[in-house]
Structure formats: C-alpha cells, structure tokens
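Written out below as structure tokens is the structure these notes cover.
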Amino acid sequence: MGEATGGLAARGGQGTRDLRLNAREAWLQALVTLGGDLEIGARAAAELAAQYAQPHRRYHTTAHLEAVVRDSAELGAELGLNARDKALVALAACAHDVVYDARPGHDERHSADWAVSRLEAAGLAAADVLRVEELVLTTLGHDAPAEDLAASALLDADLATLGGSAASYDEYARNVRAEYAAVSEPDWLSGRAKVLARLLARDPLYRTAPARLRWESAAKRNLARELAGLEPPG
C-alpha cells in the first residue's frame, strides 16, 4: 500500500509460511518472458520468500503477495495486456511490498530499489527494469495515468482486500493496526479516519471496470462501516 492509503490501509491475513509456488512461478515465468537469468532470478525469489515471511508483518505477508500476484494477473488478462506487460506486472506485483517497515514512502521506494537491483543482476533490458520500477512506485500514491492499464491492474489488485467479506475486511483492518502498533491510539484513529475518508471520496474507487464489478460495492460498504466505527457518537 502506498500514500493513497496513508500506509494505514488495505489482502492479506496471517502469512509467515514459505512463498507459495504461484508467486515464485510468476516471478520466474516473467523472467523467462523478458529474457532474464533464471539462476539469479531463483535467488531473488528466495529473497522474496524471506522478506514477506518477516515476523513483524501481519497484513503485508506472503498471503498478500499471493493475492496481488493472482488478482493483477487476472485483471491484466481481462484488460487484454500483451505478454510483455503481463510479465512486467507480475514482477512489480512480487516486488511491490518486498521492503516493509510500516514507513510510507520509504517502503515503496526501497521496494522499487530492490526490484531494480535484482532485475539488473538478472540481465533484464534497461527499459524493462525501469518499467518495473515505475510500476512499483505507483503504489506510493496509488495513482497513474488512466490509460496505463498495467499500472491499473496492479493498483486495483493491491486494493482488492477492501472488497472482501465483512469478516475478511475486519481481519485485514486488525492486521494493519498490528503493523502500526507503535502508533498511539489517538494518532491511529485520526490518521486512519483520513485514509478511509479519502478512499471513500474516490468515485470510482477502482480504476478498471473488472475491478469495479468485483469489488466496488463491497469495498465502499466496508470502508464506510469502519469509518463509522472510528468516529465518536454525535
């Protein structure tokens, strides 16, 4: 999550297990598509596994990684992305939260730096490395040009958890709060309320028609419900 969620908002759950094959395979298949070195790529995939399994994570876990990789791939296919763009989205989805210390801005930029370093080492073309860096950095402000369908697939997938069931949304909200345990309750309530209000003000919330069809209504209900619970009566 980036600045658009203030680092205090939105698929995850508990997830300190090893990186599942779907994300690892997405990373490696993307390298194949783009002509990268698989031996070096496999070492980077092992790093991804270790990073997303860090014990201080509660929401930005392996489960979140898997969900974003899956949802961005599905959205990309529905949007008609070509093979190269699908591969670039997959790499960005894998790397977008590889660095996570609950420090908005810092996390996204360092995740982008990590992606650049590993993809350069794997021998990807400079233009492809730059594009993955750009995609990861769109999660900072959760914004990109409307015509950028690759970024739209990534950004909508990153917010997919907002459109889950009430129970899954509540688990997500608890996990995000746990990641910000160092923030005082008054500061949390104030910051979180601003984040939720900003998300609710987006019309539409999701950038793509497939995402709006899947998640828009439920997401708006969940956000409004959480915001109402943060505000004192009257």
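Looking at LEU159, LEU140, LEU119, which one is under 19 Å from PRO210 (Cβ atoms) and either of a type outside the set (D, E, K, R) or at pLDDT below 95 (or both)?
Residue meeting the stated conditions: LEU159.
Residue check: is VAL99 surrounded by fewer than 24 Cβ atoms within 10 Å (Cβ to Cβ), farther than 19 Å from ASN22 by Cα and of a type in the set (A, V, I, L, M)?
Here the answer is yes, as VAL99 does meet what is asked.
It is to be established whether one or more residues within segment 189-205 are outside any helix (DSSP H, G or I), of a type in the set (D, E, K, R) and closer than 17 Å to PRO104 by Cβ.
no
Residues of segment 210-234 being open to solvent by 60 Å² or more (accessible area, probe 1.4 Å), more than 19 Å from SER168 (Cβ to Cβ) and not charged (D, E, K, R), which ones?
Residues satisfying the conditions are PRO232, PRO233, GLY234.
Go through GLY12, GLY35 for me and flag whichever is over 21 Å from LEU149 (Cβ atoms) and either surrounded by 22 or more Cβ atoms within 10 Å (Cβ to Cβ) or at pLDDT below 95 (or both).
Sole residue among the options that is over 21 Å from LEU149 (Cβ atoms) and either surrounded by 22 or more Cβ atoms within 10 Å (Cβ to Cβ) or at pLDDT below 95 (or both): GLY12.
Just to be sure before I move on: is LEU88 crowded, with 22+ Cβ neighbours inside 10 Å, closer than 21 Å to LEU130 by Cβ, modelled with pLDDT of 95 or more and not small (Gly, Ala, Ser) in the structure I sent?
Against the criterion (crowded, with 22+ Cβ neighbours inside 10 Å, closer than 21 Å to LEU130 by Cβ, modelled with pLDDT of 95 or more and not small (Gly, Ala, Ser)), LEU88 qualifies.
For LEU135, indicate whether it is under 18 Å from THR33 (Cβ atoms) and outside any helix (DSSP H, G or I).
Judged against the criteria, LEU135 is not a match.
The values are calculated or read from the model by the stated rules, or taken from the named source; none is laboratory data. What you are looking at is a predicted structure, and each value in this text was computed from that prediction instead of being measured. Cβ coordinates were reconstructed from backbone atoms using ideal geometry, including for glycine residues, and neighbour counts include every protein chain displayed. To get the accessible areas, we keep the full protein, side chains included, count just its heavy atoms, and leave off ligands, DNA and RNA. Shrake-Rupley method; radii C 1.70, N 1.55, O 1.52, S 1.80 Å.
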